[in-house]
Each structure stands twice: as C-alpha cells, then as structure tokens.
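For reference, the structure is listed below as structure tokens.
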Amino acid sequence: MKIRAIYSQFSLRTQIIIPFVSVCLGLWLLGTIGLGYLFTDRLEKSNAENLEKQTVDVLRKMQKEMQFLNLQARLLVQNEQIITSVEERNNSVLLKSLLPLRFTLELDLVKVVDLQGEPLVNLAESSLIEKNYSEEFILKSLEGIYFSSVLLSDNSQGLLVSVAPLKVQDDLIGAVVLGVKLSDRFLQQIQSESEDDIAAFYNGKLISSTLSATRNFSWKSPPAKALPQGIKIGLNTYLAKTIVVSGLDNSALELVLLQSTDELENLKTKLWITVGLFSLIGGAIAIIVGTLVTRFISDRIQILTHYTQKLANGEFSDNIELDGDDEVTTLAHGFNFMIEQLRVRDRQINQQMQELEKTLKKLQETQSHLIHTEKMSSLGLMVAGVAHEINNPLSFINGNIHHAKDYITDLLELVNLVKEKYDRFDSEIADKINEIDLDFLSEDLPHILKSIEDGADRIKQIVLSLRKFSHLDESQIKRVDIHGGIESTLILLKNRFNAKNGQQISLIKNYGNLPLVECYASQLNQVFMNILVNAIDALHSTNISADKFERKITITTESKFDSNLPENATNHPENLSRVNPTSVLISISDNGCGIPEQIKSKIFDPFFTTKPVGKGTGLGLSISYQIIVEKHQGKLECFSEPGSGTTFQIEIPIRQRSKEK
C-alpha cells in the first residue's frame, strides 16, 4: 500500500513511462539473459560431447596397445629359436634373442617361464621386479590360453600384459609374457593427439598422470554412466570423465580424462559481457521510445482530465474536441455521449426525487413493522439461550437421580438390616430414631424421589418445546473432523465401558487419515451414539465370565477412493498422494454374540427391538439409517454372524451433492 501511495503521487507521464519501460526492459533482459544461458549451455554441452569422444579414442588406443602386445607375444611363441632354447633351457640364447626385442618394442617386461612357472628369462624394469604382481595370468597361459589384461598392485603400480603359451606339437613347454608399464610416458602416448590430460587410478590411488599437479590428488569414482563433472586440481578447473578398464582378479583401472575449462570460462565471460552491453542498449532504447510515446499519450489524456473535472463540477455545457482517429479520440466521443446522457439523467433525477419523497413516507410506516420483527427474532435467541442453560443442570439431574435412588435404597436396606440384627439400641440412637420418625422417612423418601424424577421429566418436555420454538434443533451442513465427533461420543459413554459385574470392555481405535467431511455433525454423532450403545449392550448381555472372554469394541476409519481409478492405483503412496478420496468409511465392530440371520433383515425397521420392554424403543437404528442414507446420501450396512460379533459400516461422501442454503 505504501508503494501504491508513493506511485500515485507521480505525474501522469511518469506513471505511464515507468510500467512501459519496466515491461520493455524486463522482456529485453529476459530475452538476452535467456540467450546467454542458452549459448552457455550449448558451450558446456559441446565440451562434454568432445570429452565423451575423447573417452572413445582412449579406449580404442588401449585396445590397440593390447592387440599389439598380443600380436608380439604370438610371434615370439612361434619363433623356432626361442622354442628350441626353452626346450634346451638355454637361458643365454633366450637372453640374446629377447634383449634386443625389449628395447626395440619399448617393452617394460619380457618374461619366459617353464611348465612349473619358474622364470627362464626375466627382462623387466627394476621397479617391476620388486612389485608383487599376481602370477595367476602365467598359470592361465600354461593351460594353453592366450589373453591380454591389466595387472594392478596395491602399491600404486599398473601393467598392461599379454601372455601366450609355448607349444611343441601341441605340447606345452612354457609361456611368454610381455608387458608395458602404465607410466606417465604411456599415458602421454595414448593422448598425444589431444590437448586433454589423463590420469590413472587404482582403488583411489594415483598410478600415473600427464599432469604433475595430480601427484597429491585423490579420486573417488563416480557412479556408472555418470556425466562429466567439474573438479579442481591445484588452481586449475577441469571437466573430468572416468573410463573403467577391467583387469585381472576383478580389479579395475580408472582412467580419468581431464579437459581444462579455462577456455570455456573465458568464452562464457565474453558472452556475458556481450549480454550486458545488449541489455544496456535495450534499456536506453526503451527509455527513449517510452518518453516519446508517453508524451503523445499524456497530452491527450490531460485534455480528457480537464473536461472530466468540469463534468465533476456539474458543468455539462461544453463538449470535448480532439482530432485523430485513435482510442483516445474514441474515448472523447464516449465522454461527449456521456455528457449528453447526464443532461437527460439530471432531468430524470429531479423527477425521481419527488417520487422518493413519497416513498420515504412508506418506509417510515414499514419501520415499525421491522422493529416488531426484530424483537421477535431477539426473543427467539433469548429462548434458545434459556433452553440451553436449563438443559445443562437438567442433564445433571437426570444423570444422577437414578444413582441417588440406588444409593438411598441401599442405605434404607442397611438401616433395616441393622434394626433386624439389633433388638435394642442405646438411648441416644433410640431418641434420634423417634425424632426423625424413621419409619415415615423410609416410606416417604422414595415418593419424594419419584416426584423429583417426574418434575425433571416435565422440565425436559418444557425445554424441548422451547427448543422447537427457537428452531434450536435445526443444523447446517459443515465440514467437520469425523474423529472429533467419535471422540466426543466416547467421552459421553466412558462410564459404560467400565467394568460391570466384572465385564470390562476394551476399546481399540484404528484411525486412518481422513479429510474434513461435509455433514450434519450433531446428527452424525447421534448415529455413533446409537451404534456404540447397542454394541455395549450386546457385550454386557453376553453371559461368559471375564476370565474366559475379552469383550472388545473396535472402531476403524479409512478413506475410500473412486472405483473408476486404474487397477492398483491406490497401492502406491506416490499415486495415492495425487488422488482425492471420494468418501470415508467408519466401521464399529464388537465381538459379542452376533445377530441371527432372521433378525438381521429387520434391524433398521422402525420400532423393532430385541431388548426387553422398557429397555429400548426400536428407533435408534431406524433413525440412524435415515440420517446416513437420506440426509447424507451414504450407506449404513450391518455384517454379522451368530457367535462372531457384529460390524456396522458407515460410508459418507466427503462432499454432499445438495447443500442447505
């Protein structure tokens, strides 16, 4: 409101130019910034695509190196001189044959073993001899298997090996092992055609790298098929992509391709500088155009404002004259037509004023009738309040008078018992008995209690009449919490659940997640009361001792969804959260003796009851059925089998199809 008040103090031109420039500048900024983000995204995706291509090239070169080693190993095992030297175990000839080969092919490991796996010749770099590599690959070769693989050790050393078996007329005599160390030089060879860098890791430890900065850099392998991610090494930022090469013994070599993002960041900086310049240019253009347009519009509007002020002062003589064929001119014509209409209306108003004077007299006559009606309405509210206030103590009297009768009866029985047991009393007790006339008191007290009860019933009838007079029984449909209504009903019946002749009733609540329900709250609570009272009476009438039978009442609530939903749509929480329930189900069950089949079809009939005379009217379930089915468009069903208890199920729609106005 403060911003609106400040804005209204500006001139008309300022009020027009501010939204115009704001909208134009906002759209321009959104467009330029959007293009900036679009181009930035394209640059990042292009770099990521280039890095993905490099991973393919690296894998291809690794495969070529393995194929080359495999080919050299196959050629060596076919060399007659080497085969003869192994058969004769002539190590000196083997050494002369293999030593030039190692330096010519730039191999880091050349090894020949016999059938027992003992090395005949072991030409290896000194660091490799000290490493504890698995010899399982040699045993495989002695089984006649050709293979190439990657060998990795826990002390951050890797080796690319190829093994071929030596045979003489299909008989194995040994094996040849060729290996290339996964060194910095090796990684530089496979990345010689690219400006990107590469690092090799095993179990998170660096094996080799084309970057000296990675010597103190640890690597945590990302999830499989992860996209390239940005990392920082030293002061430089790189885009990294991991290639996993499987090795022997289920080991895995991780080759991390590192693409510098310095050039990308420079391009992004230049791009955003360009975007900023375009934004400034767009803002300047919007201000210039807005000023010109505002001036043209505001001048014509000021003319309209001048004539409007004259019109507000009651001057209808002049018409507005504007040239042109735009909307403002059309508005001026509209003002001229309105002025003419106001002239006509002015004459009509004078005539209507005279008619209003006549009508005023009629209104004054009606006023007295309205005052009388208001008094009657106030009387109705007062009567409703009085009925409510009387009903509270009346309920207390009705609730306790029966207990008082029982207590007094017990006391009188005790007094009579004392009189029968003791023939004589001391003088003080005898005088008190004569003073209070105990025989008359014992005879008259029940009559007094009967009079009090009759008076309470009479007051109850008067209260009901007052409530009918004040329409207190009428209720409106409103959204309520079903669980709250059930709990309030249970509070009223709390004493009925307590032990009666040792028959304690347990209450089990299985409440679901229910929405608010549109209903007649008081009538629905009456339904809960009727069903619960019947369940309690059924359990108390079950003639089974408490130590053999646990009396229970179970209340279950749940939401019900549309039956037209796809199958299993409500079985998954992610679907259930997107589906609105259509109704709620309330089930009230007891484990009593149940209802016989011949009686179950009559329980909702008016005046039908299985209780003794004076214990029930047969209207509770009938009224409950009308409240649920007719007033709430719901369902009330009974499920019972003799000896298995009874369940009453109530279904109420969440929203009523017809509501009270």
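The values are calculated or read from the model by the stated rules, or taken from the named source; none is laboratory data. Here the structure is a predicted model, which means the values were calculated and not measured. Cβ coordinates were reconstructed from backbone atoms using ideal geometry, including for glycine residues, and neighbour counts include every protein chain displayed. Only protein heavy atoms, including side chains, enter the accessible area calculation; ligands, DNA and RNA are left aside. Shrake-Rupley method; radii C 1.70, N 1.55, O 1.52, S 1.80 Å.
Of TYR520, TYR307, TYR37, the residue with the largest accessible area leads and the full order is TYR37, TYR307, TYR520 (1.4 Å probe).
The packing ranking, built from the mean of other Cβ atoms within 10 Å per residue, places the peptides 177-187, 193-203 in the order 177-187, 193-203, highest first. Extension gain for SER92 to PHE561 (0.36 nm times residue separation, less C-alpha to C-alpha distance): 160.0 nm.
Counting heavy atoms of the protein chains alone, ASP437 has an accessible area of about 80 Å² for a 1.4 Å probe.
On a 1.4 Å probe surface of the protein chains, which of CYS593, CYS638, CYS519 comes out largest in accessible area, and what is the full order? Show your work: numbers first, answer last.
On the way: CYS593 75, CYS638 25, CYS519 0 Å².
So the residues, ranked largest to smallest area, are CYS593, CYS638, CYS519.
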